[in-house]
Amino acid sequence: MKKIFIILMLLFFVTTVYARVPKRPLVQIAPKASLYIGSVRFGIGAEVIFNPLRNIGIRFDATEISFGEGGAVFSLNQGAGFDALIYLPMSGMQPYVHAGFGLTANGGTSFSIRGGIGADFVMNKKLTFFAEPGIMIVDQGAADTDFVFRLSGGAKFGILK
């Protein structure tokens, strides 16, 4: 089992170093819609993505308004959440893996860890559609820990090359 794991890790590192991931804009704005299953919420928001390297991006949620259990909630950069995006080489559909964290302190402290996969569908140099399933683990201090499945989709607009 150890040999198989080492071979898979070597294969992963070789493909990420030598494979060609298409060049992305340095900054992207991404309006999105999200469905949260576990807390039964629907959200509409936007995020900002910085792509400093060809196969690595950094994302943060700019704003979101969500509806569902507990009424409507508006958040402006809720929780100072950051995600790392690692783009995987592939022709046509462009998959990526994302993982990150969030911290919220409004009346009570909440910490979240999130991760998942996603796929970009490039339409032209400035427009990309994306779909992204993922899971969030939310710890609300004294309250219970929640596991929330999130399905997001939207468009990414390149604004800075």
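Assorted remarks:
- The stretch 87-145, residues that are part of a loop (DSSP other than H, G, I, E, B), at pLDDT below 80 and surrounded by fewer than 12 Cβ atoms within 10 Å (Cβ to Cβ): S91, G92, N106, G107, G108, G141, A142, A143, D144
- Output for the stretch 38-64, where each listed residue is exposed (fewer than 13 other Cβ atoms within 10 Å of the Cβ), aliphatic (A, V, I, L, M) and part of a strand (DSSP E or B): L53
The values are calculated or read from the model by the stated rules, or taken from the named source; none is laboratory data. As the structure is a prediction and not an experimental result, all values here were calculated from the model. Cβ sites come from the backbone with ideal geometry, for glycine too, and all protein chains shown count toward neighbours.
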